[in-house]
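The values are calculated or read from the model by the stated rules, or taken from the named source; none is laboratory data. Not measured: the values here are computed from a predicted model. Here Cβ is always computed from backbone atoms with ideal geometry, including for glycine, and neighbour counts include all displayed protein chains. Heads up: the accessible areas ignore ligands, DNA and RNA and are worked out on the full protein's heavy atoms, side chains in. Shrake-Rupley method; radii C 1.70, N 1.55, O 1.52, S 1.80 Å.
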Amino acid sequence: MFKKALSSPHIHCPDFSTRGLMFQVILALLPAAAAYAWLFGWGVVINMLLAIFVALGSEAVMLSLRGRPLQPSIGDGSAILTAMLLAFALPPLAPWWLTTIGVAFAIVVAKQLYGGLGFNPFNPAMIGYVVLLVSFPRELTLWSLPASLSTQTLDLSATLSYVFSGTLPPGLTIDALTSATPLDVMKTQLRLGHATGEIMAAHPVFGLVGGKGWIWVNLLLLAGGVWLIYRRVISWHIPAALLGSLFTVSLLFYALDPQHAPSPLFHLFSGAAILGAFFIATDPVTAATSNIGRIWYGAGIGLLIFVIRSWGGFPDGVAFSVLLMNMAAPTIDHYTRPRVFGHGGKDG
Amino acid sequence: MKLWSFHGGIALPGHKQESTGNPLRTAPLPRHLILPLSQHLGVPAEPLVSVGDKVLKGEMIARPGGFVSAPLHASSSGTVIAIEERPVPHPSGLSAPCIIIETDGEERWTTLQQQSDYRQLEPATIREQIRQAGIVGLGGAGFPSYIKLNPGKTVRTLILNGAECEPYITCDDILMRERAEEVLQGLLIIRHAVQALHCIVAIEENKPEAFHSMQHALQHFSEGANAIEIVSIPARYPAGGEKQLIKVLTGQEVPSGGLPIQLGVVCHNVATAAAVFRAVRYGEPLLSRIVTVTGSAIAEPCNLEALTGTPVMELLATCGTDFNVLEEVIMGGPMMGIVLADHEVPLVKTGNCLLTVRRGEMEQHPTVMPCIRCGKCADACPVSLLPQQLYWHARAKEFDKIQEQNLFDCIECGCCAYVCPSNIPLVQYYRFAKSEIREQQEQKRKADLARRRHEQREQRLAREKAERAARHARKKPGITDEKKKAAIQAALERAKASKSKQGAPTDDV
Ligand code: SF4
Ligand code: SF4
């Protein structure tokens, strides 16, 4: 396609546009989002829609406060993506104000106050999540049970009324609907001195490799991620390095002490590891940019996830690991600058 | 032959078959020829004719204005009707001095000196003939060719560049298809002139006809065909860039800021070789070239052999351009060409392609989004630069940092801007930064020069003062030699002190 330009080049690659990239990532998230909603109920759908609504609203308000035109920024898909990623990280029955605060903080502070898309040093969705985790730890760990485990389910109107007013149908308590997440259970039980096999057998939240139900969401996320690589929307370096390093360190500990270290597969398929590897850590704005840099960056996140999960104060470590490595990205970029043609090296 | 690859580059849709479908045609003789005095890098030529002079075809009408300069010849016979500023093909749409000839339609030649056997000639004689023929590199920026023929060093590999990696352009393709013999004869002459040990003709794999025609011609060469290889290279833009091509063929990288000869390599374009052949064999100066006229506003895209100086407008008309739908004409290819502000500009020696763009085929207001640091530009950069970093620094006018990022290694190939999903006109930023930096350097140079002049003046004044004092002391009786010396010494010291206070002069001129 030709384009009007002051100087060459006069053609532009039709395959990529920033907007197109964002919407492909969103598309790749949809199957997993659907499965997530299927397994965990209406709350997921309400969360996602509310998050998107708040994200677009905050983006619009901030753009006008900053005196910027709404288009093309509002339509670039980045706010929707941030909202969806954050919604994925929130419990299905999160109250409306939790979602709203998280998303608004992500868009207003972590993104727009830094200058909008492309200028933010930290992944906005993860900033939003961490703010919530630090401020409302209890709400964030109350996870609904997957449909297959729970005897009680909420229909749409009951979910709506719970999310927006906190009232449940008579006779139901929130404890009957929720439990701690698999990672959470694993961590507390391991601290109490139980062995992994024992824990997984004793607690119904566990399935074959990780949390029951979660496996499907994770497999669909994996499929979406692989599709993104295939479409060259993201490169393979970050996901491969992230999952690879998480797998390797967890394998190491598992091999040393299988009784007290969860298996590598448990690590990969629990919590937000896959989501983080393909959809969060790959946010180009906040990641390292060269391919070698991306490998270091991804590997760093994988390692940090393991460290936080094993010894940190929070059950999952994806958000903190991503943010820590966001901080390291400029340094990584600095030290992984490619050798410029004709400069040194064996040929120059 | 083993081939190497370079980092980055992009696969582009070729759009070559549009213009290769039709045979090479000769453009009609225009009524007026517009010949810019500067058609190449370096110093403009100086006119040898005046208004009213009759000129013959092939007659030199302007002589080189310096070392890096080429003479200019009348591309047809006629009368000089003006020497004046005319619009020329230049990115900024500038006008520049041109000699305008009204053709008489007779195509009367000046006397030419033929030479049936180039091997009788000394390399230096060949170089001089090539210089006199006004031959410049026909593939790119138009560097006067004779300079590259004087390597002053052993040439291990002589490369003929027939890669023609930019989309749409097929003039070298057609030349190799139809005049392979001339190209190879030219190669032999250049090989003789630079005493090269080994020759490679590189052709991108998307030109099988040209490849076979060259091979065929080589096989039928009676003599001198040894140590010549015709090589098909992968089609990956910008494989035809000189440094990239050398990397592909030899695995070596021309050092930053350096020249191919440092690796024992000399590189010429195939069309240059054909021109060299005609210049040495028939004594013909460079008067015409093959130009691809193509694009969606052209009814019959084709290659035209046209006289330099022919107005672009006439070439477009020859190929049936629909001027009602014509939006833009690009001279050169879509990746590195320039948009012609005026269609009355003439075809110049370096004009390899006229690419027309139809109305509606062009995005009028491309939406530019912020850089999302996706790194696609860096993946595509054949020089392994970090275009996104260059862009940030250029935007922020951080010219020191941008030079640390090796801005001046950028070849302006456009790969980065082509792939950028945010549609940022990256190369435009680099051109801006480069010209700003050059401007600053020029000003610094001028300031240094002025300061040095000032210092020299101060020193001279101080010295004169010291000398006067000394003379004065000598005249005065009663002052001893010692005192005299002391006075001179003191004056000199003062001069020195004032000099060091100003800082040591630099010599970067
Ligand atoms: S391709 Fe464009 S958006 Fe991507 S890093 Fe380069 S300049 Fe930024
Ligand atoms: S224009 Fe310069 S920075 Fe961009 S790809 Fe080409 S060489 Fe690299």
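Between residue B:452 and residue A:15, the modelled labels are 5.2 nm apart [label points 7 Å from Cα along Cα→Cβ]. Across region B:51-62, coupling constants 3J(HN,Hα) worked out from phi with the 6.51/-1.76/1.60 Karplus curve, θ = phi - 60°, read 4, x, 5, 8, 10, 9, 5, x, 6, 6, 10, 8 Hz, and Gly and Pro carry x. Computed from the C-beta positions of residue A:30 and residue B:404, the FRET efficiency with R₀ = 51 Å rounds to 0.70.
Ranked by solvent-accessible area (1.4 Å probe, protein heavy atoms only, all chains present), the residues A:297, A:114 order from largest to smallest as A:114, A:297.
Given R0 = 51 Å, the distance between the Cβ atoms of residue A:160 and residue B:364 translates into a calculated FRET efficiency of 0.65. The length gained on full extension between residue B:490 and residue B:461, counted as 0.36 nm times the residue separation minus their Cα-Cα distance, comes to 9.0 nm.
Normalising by the residue count of region B:345-416, find the relative contact order in percent from Cα pairs under 8 Å and 6+ residues apart.
It comes to 27 percent, rounded to a whole number.
Once both axes come from the Cα atoms, what is the angle between helix B:180-194 and the longest principal axis of chain B, in degrees from 0 to 90, rounded to 10? Between helix and principal axis, roughly 20 degrees. For residue B:46, nonlocal amide neighbours, meaning residues 5 or more places apart or on other chains whose placed amide H falls under 5 Å from its own, are B:63, B:65. Would you please classify the overall shape of region B:295-358 from the alpha carbon gyration tensor, given that a ≥ b ≥ c denote the square roots of the eigenvalues, rounded means a/c under 1.5, and beyond that prolate means a/b larger than b/c while oblate covers the rest? It comes out rounded by the Cα gyration axes.
Is chain A best put as rounded, prolate or oblate by its Cα gyration tensor, with a ≥ b ≥ c the root eigenvalues, rounded for a/c under 1.5, and otherwise prolate when a/b is larger than b/c, oblate when not? Don't jump to the answer; show the numbers that get you there.
Working: a/c = 2.09, a/b = 1.27, b/c = 1.64.
Taking the square roots of the gyration eigenvalues as a ≥ b ≥ c, chain A is oblate.
Is region B:234-379 rounded, prolate or oblate when judged by the Cα gyration tensor, a ≥ b ≥ c being the square roots of its eigenvalues, rounded requiring a/c under 1.5 and prolate requiring a/b larger than b/c? Oblate shape, in that a/c is at least 1.5 and b/c is the bigger or equal ratio. A simple spin-label model places the labels of residue B:110 and residue A:265 8.6 nm from each other, with each point 7 Å out along Cα-to-Cβ.
At a temperature of 37 °C and a viscosity of 0.692 mPa s, determine how fast the protein assembly as shown diffuses translationally according to Stokes-Einstein, using the Kirkwood radius over alpha-carbon pairs as Rh; express D in µm²/s, rounded to the nearest whole number. Display every interim value, and only then the final one.
Working: Rh = 32.0 Å.
So the translational diffusion coefficient is about 103 µm²/s.
Net length available on complete extension from residue B:215 to residue B:150 is 20.6 nm, with 0.36 nm assigned per residue and the Cα-Cα distance removed. Amide H contacts of residue B:353: B:292, B:332, each under 5 Å away and 5 or more positions distant or on a separate chain (H built 1.01 Å from N in the peptide plane; Pro and chain starts excluded). Rounded to the nearest 10 degrees, the inclination of helix A:237-256 to the longest alpha-carbon principal axis of chain A is 40 degrees.
Which sequence of B:465, B:57 reflects their accessible areas, 1.4 Å probe, from the largest down? The partial results should precede the final answer.
Values: B:465 120, B:57 20 Å².
These residues rank, largest area first, as B:465, B:57.
Residue A:96 sits with roughly 100 Å² accessible to a 1.4 Å probe, with DNA, RNA and ligands left out of the calculation. Separation of region A:281-301 and region B:271-344, taken as the distance between their Cα centroids, equals 47 angstrom.
Quick check on packing: order B:69-78, A:128-137 by the mean number of other C-beta atoms within 10 Å, highest mean leading. Intermediate values should be presented prior to the final figure.
Working: B:69-78: 26.3, A:128-137: 19.3.
My ranking of the peptides, most packed first, is B:69-78, A:128-137.
For region B:130-140, backbone phi angles converted through the Karplus equation (6.51, -1.76, 1.60; θ = phi - 60°) give residue-by-residue couplings of 5, 5, 5, 7, x, 7, 10, x, 8, x, x Hz, Gly and Pro being listed as x.
The angle between the Cα long axis of helix B:481-501 and the main principal axis of chain B comes to about 40°, on a 0 to 90 degree scale.
Each part reduced to its alpha carbon centroid, region B:110-125 and region B:402-418 end up 42 Å apart. Applying 1/(1 + (r/R0)^6) with r as the Cβ-Cβ distance of residue B:119 and residue B:5 and R0 = 35 angstrom yields a FRET efficiency of 0.40. When the alpha carbon gyration tensor of chain B is reduced to an equivalent ellipsoid, its three semi-axes come out at 48, 30, 26 angstrom, largest first. Placing a pseudo-label 7 Å from each Cα along the Cα-to-Cβ vector at residue B:92 and residue B:471 gives an inter-label distance of 5.1 nm. Heavy-atom accessible area with a 1.4 Å probe sorts B:397, B:247, largest first, into B:397, B:247.
Over chain B, what relative contact order in percent results from Cα pairs under 8 Å that are six or more residues apart? Mind dumping the intermediate values first?
On the way: 1038 pairs, mean separation 85.6, N = 509.
RCO, chain B: 17 percent.
Put the Cα centre of region A:213-264 next to the Cα centre of region B:358-401 and the gap is 33 Å. For residue B:55, the residues 5 or more places off, or on other chains, whose built amide H falls under 5 Å of its own are B:78, B:79, B:80. The stretch between residue B:435 and residue B:397, if pulled fully straight at 0.36 nm per residue, gains 12.5 nm over its current Cα-Cα span.
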